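K.L.:
Take a look at the following structure, please.
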Amino acid sequence: MRATMHLRAVAGASLAIAVCAIWERPVRPVLASQAVAAGGPAVTAKVWVEREVEFETFLETARITRSEVVGLGVTRPRHVFFAPGGLAESAAWKPLRPGVYKGYYESYRSEIAAYELDKLLGLSMVPVAVERSHEGQAGAIILWVAPVTMYKDLKKETTPSGLQWMRQLDQMRFFDQLIANPDRNSGNFMVDPAGNLILIDHSRAFAPGFRLEVDKLPRFDATILKRVTELTDEQLTAQLGKWLDSGQMSALLKRRKELLAEVERRLGKAVKPAA
């Protein structure tokens, strides 16, 4: 009832930070272990959650047995397969060096930075991405998740709904503004059978010259706001500085302040990031 009352209060009115009260409880992904414990099939694709270090190590070291060109995407990533019996069957391989490709800034480092920031924020939406050399090239190797359906391929009757789904969409929108992602479309976010939202394709993120679009943020999620305000510049730099150049890092810190200033504007009182 409480959430419904807040939704009604906000509908048709000016955007107010009071909607944060809708999203007071954390969004918790359905994990494979939980699904099995409940006596049902492991319908979640988020197998890496709470096992990030294991999956990172595996992706960095597992033997690659073959690869295929992925028929989707402008940059044509490769689908690489590991020897049987490991933590994962396959991964996406993106050796994109930082640069402009067909008019867009792209970088494999942006894929890793997006994953690292997702970890800092505790969103568990971005699959594990690490740096690895393959065929003489450095690149990002990204966990291939399954079972999932691209959002663009969902039928109307199978599209998720409800407050949990709305919260995940709001977190995605905020995350995309924070990482300067100009390329979120229905072909690069996915849904697993448990209703978990999974975000992919971040090679265009952290692009120079990105301008915030706060009108794309109809609501804010209290959980992500709390974490964004708690993180210090030093923590962000320590986690992401290896993957972003100084200009990108400065732009990220500036976007954080601008997003929190927008929250402050709607709330009517100060929201201060950690010193």
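K.L.:
If I go through the range 235-248 residue by residue, how many of them are farther than 14 Å from Ala114 by Cβ and part of a helix (DSSP H, G or I)?
P.N.:
Total satisfying the criteria: 5.
K.L.:
Please go through the range 28-50 and pick out each residue that is surrounded by fewer than 16 Cβ atoms within 10 Å (Cβ to Cβ) and either part of a loop (DSSP other than H, G, I, E, B) or modelled with pLDDT of 80 or more (or both).
P.N.:
Answer for the range 28-50, where residues must be surrounded by fewer than 16 Cβ atoms within 10 Å (Cβ to Cβ) and either part of a loop (DSSP other than H, G, I, E, B) or modelled with pLDDT of 80 or more (or both): Arg28, Ala38, Gly39, Gly40, Pro41, Val43, Glu50.
K.L.:
Can you find a residue that is at pLDDT 95 or above and aliphatic (A, V, I, L, M) anywhere in the range 93-101?
P.N.:
no
K.L.:
Select, from Asn185, Asn181, the only residue that is under 17 Å from the mean Cα position of the chain (by Cα), without any contact (Cβ under 8 Å) to a residue 40 or more places away in the chain and under 29 Å from Val70 (Cβ atoms).
P.N.:
That would be Asn185, the only listed residue that is under 17 Å from the mean Cα position of the chain (by Cα), without any contact (Cβ under 8 Å) to a residue 40 or more places away in the chain and under 29 Å from Val70 (Cβ atoms).
K.L.:
So, one more: Are there any pairs, at least 6 apart or on different chains, whose C-beta atoms fall under 6 Å, with the first in the range 138-157 and closer than 17 Å to Ala194 by Cβ and the second of a type in the set (D, E, K, R) and surrounded by 12 or more Cβ atoms within 10 Å (Cβ to Cβ), and if so, which?
P.N.:
Going by the 6 Å Cβ cut-off, the qualifying pairs are Val148/Asp192.
K.L.:
Anything in the range 140-162 that is on the phi < 0 side of the Ramachandran plot and more than 19 Å from the chain's Cα centre (by Cα)? List them, or say none.
P.N.:
Asp153, Leu154, Lys155, Lys156, Glu157, Thr158, Thr159, Ser161
K.L.:
Determine which member of the set Ile112, Ile141 is over 23 Å from Leu178 (Cβ atoms) and not aromatic (Phe, Trp, Tyr).
P.N.:
Step by step, each of Ile112, Ile141 is checked, and only Ile141 is over 23 Å from Leu178 (Cβ atoms) and not aromatic (Phe, Trp, Tyr).
K.L.:
Would you say Arg109 is modelled with pLDDT of 95 or more and basic (Lys, Arg)?
P.N.:
yes
K.L.:
Can you tell me which residues in the range 208-232 are among the small types (Gly, Ala, Ser) and surrounded by 14 or more Cβ atoms within 10 Å (Cβ to Cβ)?
P.N.:
Correct list: Ala222 only.
K.L.:
Could you check the range 207-236 and list, in sequence order, the residues that are under 18 Å from Arg184 (Cβ atoms) and without any contact (Cβ under 8 Å) to a residue 12 or more places away in the chain?
P.N.:
The answer is Gly209, Arg211, Asp215.
K.L.:
Could you run through the range 125-143 and say how many residues are part of a loop (DSSP other than H, G, I, E, B), crowded, with 20+ Cβ neighbours inside 10 Å and not β-branched (Val, Ile, Thr)?
P.N.:
Selection size over the range 125-143: 2.
The values are calculated or read from the model by the stated rules, or taken from the named source; none is laboratory data. All of these numbers come straight from a predicted model, not from anything done at the bench. Positions of Cβ are backbone-derived with ideal geometry, glycine not excepted, and every protein chain shown enters the neighbour counts.
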